[in-house]
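Below is one structure; the comments refer to it alone.
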Amino acid sequence: MIRYVTRRLIQMVFLFLVFLTVTWFLLYILPGDSVALKYAGNPNIPPQAREVAMERLGLDKPVLIQFRDYMFNFFQGDLGVSFNQYPRPVVDIIGERLPRTLVLFLTALVTYYWAGFVAGKYLAWRRGNRGEMAVTIGGVGLYSMFLPFFAFMLIWFFSVQLGWLPISKFLDPEQWRDAPFAANQVFMRLFWVALIAAFAMFAANFAGHRSHSRALERILRVGGGALVIAGFLYYWFGTESGQSMRPYAGDIAFHMILPVLTLTLIAFAGVMLLTRSSMLETLREDFILTARAKGLPEGVIRDRHAARTALLPVVTSLVLAVATVIDGGVITEAVFSWPGMGEILISSVLNEDIPVAVGAFAFIGVLALIGHFVVDVLYGFLDPRIRVTEHG
Amino acid sequence: MTARRLPLETSAGRAPLLEVSGLVMRYETDAGEVSAVENVSFSLGRGEAMGLVGESGCGKTSVALSLLRLAPDNARYQSGSVLWEGVDLLGLSHQQMRQHRWAEISMVFQGAMNAWNPVYRVGDQIREAMYQHFDPPLKPREMDQRVERLFELVGLDPTLQTRYPHELSGGMRQRAVIAMALSCEPKLIIADEPTTALDVIVQAQILEELKEIQEDLGLSVLYISHDMAVIAQVTDTIGVMYAGKLVEFGSTRDVFHRPRHPYSYLLLSSIPSVTGPRRRPVSLEGTPPNLLAPPSGCRFHPRCPWATEQCRKDEPPMMEIGPSQWAACWNSDQVPEMGEQLP
């Protein structure tokens, strides 16, 4: 296993280098004079001033030298400075945006994966009744929905018509005027709570699966849930240098509802339909008949035998879902003016803020690679048939 | 002549453990009702081994699944009863039925490959059944010892219990399935094509071991197979099924050496004997009938060389042929001796 993980990590580094190189050159050949665009958007700036600027940004050097310098700096943690917000370092911009995106993605991913899996499980189990038909058809509808349209419909309904939720942005500036924290402090805290909660729930569920007693399984599941709630409470009442973060976190959570709902509803349907068909297939397997013949209760057959085995292809799809959530996230962030990585990706490419664009791509690439890696390891963990042996 | 019910006292002279009488089961499908089990009656005594043979689709697995009430959801029991120690299983609640499964009747499934859930260790899947059925529950240590004993009983290395199903060979898996079937000390084991997926040598070994275990533990076993020759060595009685009906029933000796129903005769004669006298294999013409619309009269008449007008009109009841043999045929005296040429 250790060897496998090491090999995968080395592969990832190579893959990342290729990815970064391709991205860099693709953005380099973008047509247009970025420097001219940057400086007051004026193509008529004096040639001298332009040359000075070019020289200062290193744009006068040959391509390969520029590339060499970029890579050299990249692995020292220097991603250059933004053209647009000169002289702000790219690392700084990404450092500000990344937590916001991670919190949004992670929350959406956990919510829709869990909801989709549970819904798909019950759909397959109760196959054939009217409710199942309705939900399946609704799921197909959601699955084929155009995301921006759907997001606008939700905004229209919940924010404009009902006025329950904010229309856009990630916080209410009024409320934060005298805030003792930077928004990102709150975001980082949210991120860790969400990550730990997701992991705790997974671990509790998995441990429950391993136990033979139904009661113990229930205790572990409920315990996992309780742990998550405890985490949130800790967060909720938590203080940072004597000040409560509660109202600020609440504000961010409030603004997160709509974007998470949008991402969840759209992506949830895909997971649900996949789980349903995978589960239907599993239910036809002989080992389900064996489980019935053994006199196991229906709930055990459903959860421990059918759903556990049907989970495997669903986990595979998680790899693809990582990509979906990233590009879906870009659109969602744009629609909701959520100042995260997706939003900065679009604006930097449109404004030819090349260093920021490359940096943003690089981080999204890293996220996707980490996603793949986690799923690979997870899959080996879940399916003994493909578990890698030391000598394999 | 009226149909005679099979006697309660079986050939071995013991009180029956299981008595199936007049069982009628149909599958509801979009195309109509499929008559899968039609008026099947037999009984099985304690410590007895019985075989149920027939072509695929003849209803033998449907009968077996009925004993555990595991038939698919679209199965409908029209009439008849399945008496287990005097209690009708068809009338039990789901809860009662669940407690009855595996603890009283367990099953060795065909194709042991798929009988195991691929994501759990073999030993854990056996323990799972024991967790369910032992009251008070066994302690973990007792359970470990039990699994070890079971593995030794079926000729497996006890350390194999920590393996996953895919890490075992076909024969090992089948042995482990038998160990699992024995885990809750059932009185009856249903062995549905227990050796079909295995090579001939392993097949013989496993059947032999199963027979030994059956005799040592005083179990009853119901073997289900399409191959009469395979189960003839290990059973006391044999029932032959055709198109949902039991057409012949009797001691293995009688049915195997002197079948009295044309179908049993043709089924046996269609297989060339390797060890017995040389004879020309006889072919069984035609295909099994469509059970959505079974033939009138005797269901075998379209394929039967001895069919008469009576066979087309009237359904033959089970008739006593000898001291321990019954056949549902109007012309059972016309069926030739094994090895004779067809007229």
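Structure data summary
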item	result
Largest to smallest accessible area among B:I126, B:I321 [probe 1.4 Å]	B:I321, B:I126
At least 30 Å along the helix axis (C-alpha) and Kyte average at least 1.0, DSSP helices within chain A	A:2-28, A:183-210, A:246-283, A:308-335, A:354-382
Shielding by other protein chains, B:163-170, mean Cβ within 10 Å	2
For the protein assembly as shown, the Rg and Dmax computed from alpha carbons only, in angstrom	35.4, 120
Computed [θ] at 222 nm, deg cm²/dmol, the protein assembly as shown (DSSP H ≥ 4; -39,500 (n - 2.57); rounded to nearest 500)	-17000 deg cm²/dmol
Residue mean of other protein chain beta carbons inside 10 Å, A:279-292	5
DSSP beta bridges in chain B [antiparallel fraction, %, rounded to 5]	65
Tilt relative to chain B, helix B:200-217 - C-alpha long axis, 0 to 90 degrees, to 10	80
The protein assembly as shown - percent of accessible surface contributed by carbon and sulfur, probe 1.4 Å	61
Chain A: relative contact order in percent, alpha carbon pairs under 8 Å with at least 6 residues between	28
Pair A:R56, B:Q334: separation of 7 Å Cα→Cβ label points (nm)	11.2
Antiparallel bridges, percent of DSSP beta bridges restricted to the protein assembly as shown (to nearest 5)	65
Average partner coverage of B:116-122, which counts Cβ from other chains inside 10 Å	6
Rg and Dmax [Cα atoms of chain A; Å; Rg one decimal, Dmax integer]	24.4, 86
Contact surface B-A: accessible area buried, both sides summed, square angstrom, 1.4 angstrom probe	2300
Chain A - accessible surface per residue (Å², probe 1.4 Å)	51
Distance histogram for segment B:50-109 (every C-alpha pair counted, 10 angstrom bins, percent rounded to whole numbers)	19, 55, 25, 1
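The values are calculated or read from the model by the stated rules, or taken from the named source; none is laboratory data. This is a predicted model, so every value here is computed, not measured. All Cβ positions, even for glycine, are placed from backbone atoms using ideal geometry, and neighbour counts span all protein chains on display. Remember, those area values only see protein heavy atoms, side chains included, never the ligands or the DNA or RNA. Shrake-Rupley method; radii C 1.70, N 1.55, O 1.52, S 1.80 Å.
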